[in-house]
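Q: Sending over a structure as C-alpha cells; questions will come in a sec.
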Amino acid sequence: MNITAAQAPASSVITHYIAGRPVTSSRPPFANVDPATGQVVGHVHEADAGIVDMAVRAARDALHGPWGRLTDGERAAILRRLADGIRARFDEFVAAEVRDTGKPYSLASHLDIPRGAANFDVFADQLAHGATEAFRSPTPDGGIALNYGLRTPRGVIAVICPWNLPLLLMTWKVAPALAFGNTVVVKPSEETPSTTTLLAEVMNDAGVPPGVFNVVHGFGPDSAGQYLTEHPDVNGITFTGETRTGTAIMKAAAVGVRPVSFELGGKNAAVVFADCDLDAAIAGTTRSAFLNSGQVCLGTERIYVERPIFDTFVARLKQAAEALRPGDPNAGDTTFGPLISKAHRDKVLSYYARARNEGASIVTGGGVPSLPAPLSGGWWVEPTIWTGLPADSAVLTEEIFGPCCHIAPFDREDEAIAAANDSPYGLATSIWTGDLSRAHRVAAAIEVGVAWVNCWFLRDLRTAFGGAKQSGIGREGGVHGLEFYTELRNVCIKL
Ligand SMILES: NC(=O)c1ccc[n+]([C@@H]2O[C@H](COP(=O)([O-])OP(=O)(O)OC[C@H]3O[C@@H](n4cnc5c(N)ncnc54)[C@H](O)[C@@H]3O)[C@@H](O)[C@H]2O)c1
Ligand SMILES: N/C(=C\C=C\C=O)C(=O)O
C-alpha cells in the first residue's frame, strides 16, 4: 500500500542514487509501509523519465571511465570489498530488510543478508577462474589460424527486482553484472527500497566509481520500471518477478532487440514417496511451503504424496504448520511473518476463499490470525493446508505466493510426474525418496530449472539457476551468467 508523503511521517526519506550521489525527484514521494504493523515508516522518491534518463547516462559515462579500464583482478577485489562492506553493516541491513518486509529477524539474518553479501564473493571467484575457448585451426592453404573467444561487457544493464528477497535477489544480478565489467541502473521493488539504497552507500565506500551503480525508485507501469526498460540506451534487461510482468518487459526489450534474463513465477510441486525419510520430508516441506510466509518463488504450493503415507504426511505437516509462530519480526521466537502488502494479502485471501468455495478440505488455517496491536494492523494470514481439490482448480494451477499448499495422494511414479509437469510453470521441484535410482529418474522427468532431492533451497552459487517454460529465460549463477552479462566475440588470426 503506498500513500503520498503528505500522509507519511518524514521519518526516513529514501532518494535515488545517481553518479555516486543522492538525487531527489519532483513527483510526490510514496510511503514505505511496515507490513508487520501496516504503519508508515518513511517515504520514497519516485523517479520520472528524466531521472531514469539521468541514471542511464551516468551508467553510460561510467562504462567509458576508469571502470572500463580495470583488470579482472581489480574488479574482483572491489567485489570482495562489497561483500565485506555489507557484512560490516550487517545489523543495519538486517534491520532495513525486516522493516521493509516484516520477515522474522531470524530469516533476514540467516538468509537474506548473508546471501546478499555472498553473491559478490562467488562472482569475484568466478573472475579469478574464468576462461574462454581457443582453437588452432588448419587453413585451406596448409597453414594455421588461431581462433579465440573474447568476452566484453554487454554495457548498461537494467536490473529490476521483486520484494520477497530484496537484497539477495538484487546482488544476485548486480554482482555478475559488475564482475563482467558492465554498469547498472537498478530499480528495487516499490515495496522494499531500503537495502538497495544502503547498498549504494557500500558501493561508494568500496571505491566503485560514480555511475557504475545507480538506483532509481518507483513502480512499474508509467513509472521508473517502464521508463528504464523502454530506455533506448539500455543494452540488456535482467528481471525477477511475475511472469505477466516479464511479458510486458519482453515487449519493451523487443524495441532495439535487447536481450533479457528472466527469473519469473512458479507453481512448484513436491513429490513425496513412501520410502522417504519422513522426518526430513516434513521438515523440508514445512520450509518449502511456509518459509518467508510462502513468498519464495522456489516454494512448494503443490504436494503429491504416495498413498501409503498420505494420512500421516498430512497430519505431520498440519502439526508443523500450526507450530509456526507469527509475531514481532524482531522477537527471537518469531518464525512466521506477514505478507508484503494489503494488496498481496487480499490476493492470497481470495485464493483462501476460492478453496473454501470449491469445497476443499481445510486441514489447517484458511484465515487471518488474531494478533495484538500493533501487529493487528499488519498484513497477516494463517499458514494453510488444503486437500481434496480437483487438479484444474485455480488453487492448484495459479501462483498464489502465500503460506499455503495443497496435498494430493498418488499411486504410481508416472502419475506423480505427470501431475508435477501439469503446469505452464517450470521453476523448481523437490523430490523425497530413499531410492537413488528413482531420485535420478524423477529429477530427469520433471520439467523444471532446479530439482532438489531430499532437500530444498540448498544452493551452490556456481550452479545453473533459472526457470523452464514460463518460469524464466536464461540461467544465472557461476559461468552461466556470462551469456547474458557479456558479448562473446570470436577473433580469428591467420598465423
Ligand atoms: N524465479 C525467481 O527466481 C523469482 C524470485 C523471486 C520472485 N519471483 C516472482 O516474483 C513475483 C513476486 O514479486 P513481485 O510481486 O515484486 O513481482 P512483480 O512482477 O509485480 O514486480 C517485480 C518488479 O517489477 C517491477 N515492474 C512491475 N511492472 C513492470 C513493468 N511493466 N515494467 C518494468 N518493471 C515493472 C516492479 O516495480 C518490481 O520492481 C512472484 O511471481 C515470484 O514468483 C521469481
Ligand atoms: N535466485 C535465488 C533465489 C530465488 C528465490 C525466489 O524467491 C538464489 O538462491 O540464487
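Values quoted throughout were computed directly from the atomic coordinates according to the rules given, and no laboratory measurement underlies them. Here the structure is a predicted model, which is why all the values come from computation and not from measurement. Positions of Cβ are generated from backbone atoms using ideal geometry, with glycine treated the same way; all protein chains shown enter the neighbour counts.
Q: Can you tell which of G218, N357, Q319 lies farthest toward the positive end of the dipole of the chain, using +1 and -1 charges on the Cβ of basic and acidic side chains (Lys, Arg; Asp, Glu)?
A: With unit charges placed on the Cβ atoms, the residue in question is G218.
Q: Hey, another quick one. At 0.36 nm per residue, minus the direct Cα-Cα distance, what do D392 and A274 gain on full extension? Give it in nm, one decimal, please.
A: Here the segment from D392 to A274 would lengthen by 40.0 nm.
Q: OK, next. How large is the dipole of the stretch 268-460 about the Cα centre if only Lys and Arg carry +1 and Asp and Glu carry -1, each at its Cβ, rounded to the nearest 20 debye?
A: Working: 15 positive and 23 negative charges, 105 e Å.
Magnitude of the dipole: close to 500 debye.
Q: Convex hull over the Cα atoms of the stretch 395-495, averaged projected area in nm²?
A: Numbers: hull surface 39.8 nm².
Result: 10.0 nm².
Q: At 0.36 nm per residue, minus the direct Cα-Cα distance, what do A283 and E322 gain on full extension? Give it in nm, one decimal, please. If you can, show how the numbers build up before the last one.
A: Details: separation 39, 0.36 × 39 = 14.04 nm, distance 1.32 nm.
Roughly 12.7 nm would be gained on extension.
Q: Let me ask you something else. Before rounding to the nearest 500, sum -39500 (n - 2.57) across all DSSP H runs of length at least 4 in the chain and divide by the residue total; then give [θ] at 222 nm in deg cm²/dmol. Before the final figure, lay out each step's value.
A: Numbers: 15 runs with 174 residues, N = 495.
So the calculated ellipticity at 222 nm is -11000 deg cm²/dmol.
Q: Further question on the same structure: What per residue convex hull volume, in Å³, do the alpha-carbon atoms of the stretch 168-297 yield?
A: Values: hull volume 19.6 nm³, N = 130.
Taking only Cα atoms, the stretch 168-297 has a hull volume of 151 Å³ per residue.
Q: Considering amide H positions built from the backbone, and no H for Pro or chain starts, which residues 5 or more places from N330, or on another chain, come under 5 Å of its amide H?
A: Residues meeting the criterion, in which the H sits 1.01 Å from N, are Y105.
Q: Remind me, relative contact order of the stretch 371-414 in percent, using alpha carbon pairs under 8 angstrom and six or more residues apart? Write down the numbers at each step before the final one.
A: On the way: 25 pairs, mean separation 18.2, N = 44.
Across the stretch 371-414, relative contact order equals 41 percent.
Q: What dipole magnitude, in Debye to the nearest 20, does the chain give about its Cα centre under +1 on Lys/Arg Cβ and -1 on Asp/Glu Cβ?
A: Using only the charged Cβ atoms, the result is roughly 840 debye.
Q: Return the whole-Å distance between the Cα centroid of the stretch 196-247 and the Cα centroid of the stretch 454-482.
A: 21
Q: Can you give me the relative contact order of the chain as a percent, contacts being Cα pairs under 8 Å and 6 or more apart?
A: For the chain, the relative contact order is 18 percent.
Q: Another one. Compactness ratio of the stretch 268-460: Cα Rg over 2.2 N^0.38 Å, N = residue count?
A: Values: Rg = 16.1 Å, N = 193, 2.2 N^0.38 = 16.3 Å.
Working it through for the stretch 268-460, the quotient is 0.99.
Q: What aspartates and glutamates could a cross-link reach from K494, if we take a straight Cα to Cα line under 12 Å and drop same-chain neighbours fewer than 8 places away?
A: D141
Q: Further, regarding this structure: Which whole-number percent is the relative contact order of the stretch 302-415 (Cα, under 8 Å, 6+ apart)? It would help to have the intermediate numbers written out before the result.
A: Values: 158 pairs, mean separation 38.5, N = 114.
Relative contact order, the stretch 302-415: 34 percent.
Q: Identify, among A274, I51, V305, the residue whose Cα sits farthest towards the positive end of the charge dipole of the chain, taking +1 on the Cβ of Lys and Arg and -1 on the Cβ of Asp and Glu, with the dipole about the Cα centre.
A: Projecting each Cα onto the dipole axis, the largest value belongs to I51.
Q: Taking the Cα centre of the stretch 1-157 as origin, work out the dipole magnitude from +1 charges on Lys and Arg Cβ and -1 charges on Asp and Glu Cβ, in debye rounded to 20.
A: Numbers: 16 positive and 17 negative charges, 47 e Å.
Value, rounded to 20: 220 debye.
Q: Rank the residues K469, K251 as a footprinting-exposure proxy: fewest other Cβ atoms within 10 Å of their Cβ go first. Walk me through the intermediate numbers first.
A: Values: K469 17, K251 11.
With the fewest neighbours first, K469, K251 line up as K251, K469.
Q: Of all DSSP beta bridges in the stretch 268-460, what percent run antiparallel (nearest 5)?
A: Details: 3 of 26 bridges.
Looking only at bridges with both residues in the stretch 268-460, the antiparallel portion is about 10 percent.
Q: Show me the three semi-axes of the equivalent ellipsoid for the chain, from the C-alpha gyration tensor (sqrt of 5 times each eigenvalue), largest first, rounded to whole Å.
A: On the way: eigenvalues 290, 187, 72 Å².
Those come to 38, 31, 19 Å.
Q: Then there is this: Stretched out fully, how many nm does the piece from H110 to H129 gain, at 0.36 nm a residue minus the Cα gap? Write down the numbers at each step before the final one.
A: Numbers: separation 19, 0.36 × 19 = 6.84 nm, distance 2.80 nm.
Answer, rounded to one decimal: 4.0 nm.
Q: Here's something else I'd like to know. Using amide H atoms built in the peptide plane, which far-off residues or other-chain residues are under 5 Å from C404 H to H?
A: Here T384 satisfy the definition.
Q: Right, next: DSSP beta bridges in the chain, what fraction antiparallel, as a percent rounded to 5? Walk me through the numbers on the way to the answer.
A: Working: 32 of 73 bridges.
The antiparallel fraction comes to roughly 45 percent.
Q: A follow-up question, please. Out of the DSSP beta bridges found with both residues in the stretch 326-428, what percent are antiparallel (nearest 5)? Working shown, then result.
A: Details: 3 of 8 bridges.
Percent antiparallel among DSSP bridges in the stretch 326-428 is about 40.
Q: List, in order, the whole-Hz ³J(HN,Hα) value for each residue of the stretch 84-94 obtained from phi through the Karplus relation with A = 6.51, B = -1.76, C = 1.60 and θ = phi - 60°; use x for Gly and Pro.
A: Values per residue, Gly and Pro as x: 5, x, 5, 5, 5, 10, 3, 4, 5, 5, 5 Hz.
Q: If you plug each phi of the stretch 209-223 into the Karplus form 6.51 cos²θ - 1.76 cosθ + 1.60 with θ = phi - 60°, what whole-Hz ³J(HN,Hα) values come out, in order, with x for Gly and Pro?
A: Values, residue by residue: x, x, x, 6, 10, 10, 10, 10, 10, x, 9, x, x, 6, 8 Hz.
Q: Tell me which residues come under 5 Å, amide H to amide H, from V33 once H is placed; ignore anything under 5 positions away on its chain.
A: HN-HN under 5 Å from V33: V41.
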